[in-house]
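These notes are about the structure you will find just below.
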Amino acid sequence: MFTELNNLLNTAPDRAEQGKLTLLCDAKTDGSFLVNHFLSFYLKANCKVCFVALIQSFSHYNIVGQKLGVSLTTARECGQLVFLEGLKSSVDVFFQAQEEPHPLQFLRETNAGNLQPLYEFVREALKPVDNRGAAWRCPVLLVDDLSVLLSLGMGAVAVLDFIHYCRATVCWELKGNVVALVHDSGDAEDEENDILLNGLSHQSHLILRAEGLATGFCRDVHGQLRILWRRPSQPTAQRDQSLTYQYKIQDKSVSFFAKGMSPAVL
Amino acid sequence: MLESLLALGGLVLLRDSVEWEGRSLLKALIKKSALCGEQVHILSCEVSEEEFREGFDSYINSRLVYHDLFRDPLNWSKTGEAYPGGPLGALRAMCRRTDPGPVTIALDSLSWLLLHLPCTTLCQTLHTLSHQDSCPGDSSPVGQVRVLGLLHEELHGPGPVGALSSLAQTEVTLGGAMGQASAHILCRRPRQCPTHQTHWFSILPDFSLVLQEGPPLELKANPYPHTSPVDASSHLTFNLHLSKKEREARDSLTLPFQFSSEKQQALLHSGPGQATSHIFYEPDAYDDLDQEDPDDDLDI
């Protein structure tokens, strides 16, 4: 969890908003620091987290989590974290009986239909349970990342339907949050990815867009973050909803500064 | 502005973008229709009923008939709450309405429908929906039908957008500059030239619309809407401009590299003292006077 980012978004683990879809997007840079931020943020906020991790292994996220002050192993053991490790369980699809439902069932189908099994996995994972032991604050779904589903053969509409159902269940029914990362291919003509990105942008309440610098790589400024608030609680006349900051990723934190105001430049 | 949008009937297409969302304008139009005493049917695919009704007062909410395609549009939950026949079935059910009087149908959003239905089917259904009043087979006299459709423009190619806009009587394209929303309205009246208008507006929390002046022209051209122009010459450590006196002083100055005739004279005619100058040299006691040629080893 990066405190500076919390300050920019005007939030903290003890007063996290509910019922929101946050879209993370990266263009010409790596936006995974945002995923790690939200993972540690919601674990610290005492939320029940379902993490659909299709990019990295559990140990990778665990090591990064430890740097940010959360232990994924402990969270998983006490039932706070439900971790779907895409890299590992994609193999299981091929070695188990076909009748058993598997969240990544679409990998086995010749003409990939929909992501209903994955949605049902999420719904099961975040379903409120009646145990008196641990009471989690609100359910959170985290996906890293949705563009991979396109690469695995799903259509953009199927992925949008998946998120639609997750939103209806997690955000609306259970009053939780959904956070998803999508890559922006930029000018590479990837129509499906554009539909996915724009479709999600229209559904989301907050868009965080990490961009590489237009001038190229820099040692002291790693990129810029655009924050766009959509669907404000009240559609007022004043629309100062878009902000841009530059950032530098450090070992355990990320520092943000106004455009052109890097300490290395001044 | 709202009256002119609602005056024509038929299909009103609201084209919005990620940065300039059109749902608040849609809700402002719905409020206006409801206040005129019309029944408003809402086919909602993108937001929940609570979120949609938020901000409306109880009278307006009582005029709204909400058709829920948000919770279970594809019948994945199998709870039996889904619409029979899916989104198309929901649209067709709206076509078979029975109540007389003018009706407004809001489709939130056409983009969702367009992603899930073939474009031709959707266009045909929209056509029947918006032309019910002129349906000859129907014996019961039904009033005017107005269809408000929200379309997220970036999600579709030029083909489907073109097909929908040719169906629409009124087309509103949302945009903006300097944090101020604008609506470009294209009206197609029968047997008349289409008219273009641009309005600057803002929408209040209770979904009433206020027209605005719009930002000044030179700011509209600013491609970076969130940077205010900064006067770069305000904090300089030197003078950018010279006064008349300073300029004269500068012009009268001869620069060292300028070769004038006075300079030439001074160099050619050396002064009286200079011709008789001598150099006196007295060797010091410790001076090392080497008789050998210092460049001997160079073998020149």
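With label points built 7 Å along Cα→Cβ from the Cα atoms of residue B:92 and residue A:185, find their separation and express it in nm.
Inter-label distance under the simple model: 3.6 nm.
Gain in length, residue A:129 to residue A:60, computed as 0.36 nm per residue apart minus the alpha-carbon separation, to one decimal in nm? Mind showing how you got there, number by number?
Details: separation 69, 0.36 × 69 = 24.84 nm, distance 2.91 nm.
Between residue A:129 and residue A:60, full extension yields 21.9 nm more.
Using R₀ = 45 Å, calculate the FRET efficiency as 1/(1 + (r/R₀)^6) where r is the Cβ-Cβ separation of residue A:258 and residue B:248; round to 0.05.
Numbers: r = 45 Å, r/R0 = 1.00.
E(calc), rounded to 0.05, equals 0.50.
At 7 Å along the Cα-to-beta-carbon direction for both residue B:131 and residue B:286, put a label point, then send me their distance in nm to one decimal.
Placing both labels 7 Å beyond Cα along the Cβ direction yields 11.8 nm.
So for the pair residue B:257, residue B:166, with labels modelled 7 Å out along Cα→Cβ, what separation do we get in nm?
Taking the simple label geometry, residue B:257 and residue B:166 are separated by 7.1 nm.
At 25 °C and 0.890 mPa s, what whole-number value in µm²/s does Stokes-Einstein give for the translational diffusion of region A:9-59, with Rh from the Kirkwood sum over Cα pairs? Can you show the working numbers first?
Values: Rh = 12.5 Å.
Roughly 196 µm²/s, to the nearest whole number.
Which whole-Hz couplings ³J(HN,Hα) result when phi for each residue of region A:83-96 is put into the Karplus expression 6.51 cos²θ - 1.76 cosθ + 1.60, θ = phi - 60°, listed in order with x for Gly and Pro?
Per-residue couplings from phi come out as 10, 9, 8, x, 5, 7, 7, 5, 6, 4, 4, 8, 10, 10 Hz.
For the protein assembly as shown, report the translational diffusion coefficient in µm²/s to the nearest whole number, using Stokes-Einstein at 4 °C, 1.567 mPa s, and a Kirkwood Rh over Cα pairs.
Using the Kirkwood radius from Cα pairs, D works out to 46 µm²/s.
Nearest 0.05, what FRET efficiency do residue A:78 and residue B:188 give at R0 = 56 Å with Cβ-Cβ as r?
Approximately 0.35, to the nearest 0.05.
For region B:146-202, which trypsin sites (Lys or Arg not before Pro) are in a loop by DSSP, counting at most 11 other Cβ atoms within 10 Å?
Working: sites: B:146, B:188, B:191; in loops: B:188, B:191.
For trypsin sites (Lys or Arg not before Pro) across region B:146-202 that sit outside H, G, I, E and B with at most 11 neighbouring Cβ atoms in 10 Å, the list reads B:191.
Quick one: which of A:97-103, A:7-13 comes out on top by average Cβ neighbours within 10 Å, and what's the full order, highest first?
Working: A:97-103: 11.9, A:7-13: 14.0.
Most protected by this proxy first, the peptides run A:7-13, A:97-103.
Please compute the Cα-Cα pair-distance distribution of region A:83-147 with 10 Å bins starting at 0, giving whole percents from short to long.
P(r) for region A:83-147, in whole percents per bin: 17, 47, 25, 11, 1.
Sort A:164-172, B:116-124 by packing, meaning the average of other beta carbons within 10 Å per residue, with the highest value first. Each step should come with its number before you reach the end.
Details: A:164-172: 22.8, B:116-124: 15.0.
Ranked from most to least packed, the peptides come out as A:164-172, B:116-124.
If you take every DSSP beta bridge whose two residues both sit in chain A, what share of them, in percent to the nearest 5, is antiparallel? Kindly include the intermediate steps, with their values, before the conclusion.
Details: 16 of 44 bridges.
Roughly 35 percent of the beta bridges in chain A run antiparallel, per DSSP.
Strictly greater than 22 Å: what percent of every Cα pair in region B:7-86 meets that? Before the final figure, lay out the partial values.
Numbers: 1080 of 3160 pairs.
Everything past 22 Å amounts to 34 percent.
Calculate the FRET efficiency for residue A:265 and residue A:137 from the Cβ-Cβ distance with a Förster distance of 51 Å, rounded to the nearest 0.05. Before the final figure, lay out each step's value.
On the way: r = 41 Å, r/R0 = 0.80.
The calculated FRET efficiency here is 0.80.
Taking every alpha carbon pair in region A:93-184, what does the distance histogram look like in 10 angstrom bins from 0, in percent?
Pair shares across the bins are 15, 44, 30, 11, 1.
Search the structure for amide H atoms under 5 Å from the amide H of residue A:82, placed 1.01 Å from N in the peptide plane, and list their residues when 5 or more places away or on another chain.
Hits under the 5 Å cutoff: A:49, A:50, A:51.
Not counting the cut sites, what is the longest span of chain B without chymotrypsin sites (Phe, Trp or Tyr not before Pro) that DSSP labels loop and that have at most 14 other Cβ atoms within 10 Å?
Answer from the scan: B:1-237.
If the reach is capped at under 17 angstrom between alpha carbons, list the lysines near residue B:32, excluding any in the same chain fewer than eight residues apart.
Counting by Cα, and skipping residues close in sequence, residue B:32 has no lysines nearby.
By the gyration tensor of its Cα atoms, with a ≥ b ≥ c the square roots of the eigenvalues, what is the shape of region B:17-167: rounded for a/c under 1.5, prolate for a/b over b/c, or oblate? Numbers along the way, then the final one.
Details: a/c = 1.22, a/b = 1.07, b/c = 1.14.
Cα axes put region B:17-167 in the rounded bin.
Using alpha-carbon positions, what is the distance between the centroids of region A:66-114 and region A:1-53, in Å?
21
How big is the accessible area of residue A:71 in square angstrom, nearest 10, if you roll a 1.4 angstrom probe over the protein chains?
Result for residue A:71: roughly 40 Å² accessible.
For a test of the definition: using alpha carbon positions, the gyration tensor, and the 1.5 limit on a/c, classify chain B as rounded, prolate or oblate.
Details: a/c = 4.55, a/b = 3.19, b/c = 1.43.
Prolate shape, in that a/c is at least 1.5 and a/b is the bigger ratio.
How large is log10 I(q)/I(0) at q = 0.07, 0.10 Å⁻¹ when the Debye formula is applied to the Cα atoms of chain A, each weighted equally and without solvent?
With one equal scatterer per Cα and no solvent, log10 I(q)/I(0) is -0.25, -0.51.
Mind listing which GluC sites (Glu not before Pro) in region A:14-98 are in a DSSP loop and have 14 or fewer other Cβ atoms within 10 Å? Don't skip to the answer; put the middle values down first.
Working: sites: A:17, A:77, A:85; in loops: A:17.
Qualifying residues, ordered by number: A:17.
Would you mind computing Rg(Cα) / (2.2 N^0.38 Å) for region B:138-200, counting N as its residues? The partial results should precede the final answer.
Details: Rg = 14.9 Å, N = 63, 2.2 N^0.38 = 10.6 Å.
Normalised by 2.2 N^0.38 Å, the Cα Rg of region B:138-200 equals 1.40.
The values are calculated or read from the model by the stated rules, or taken from the named source; none is laboratory data. Predicted model only: the values in this text are computed from it and were never measured. Here Cβ is always computed from backbone atoms with ideal geometry, including for glycine, and neighbour counts include all displayed protein chains. Ligands, DNA and RNA are stripped out before the accessible areas are found, and what is left, the full protein with its side chains, is counted by its heavy atoms. Shrake-Rupley method; radii C 1.70, N 1.55, O 1.52, S 1.80 Å.
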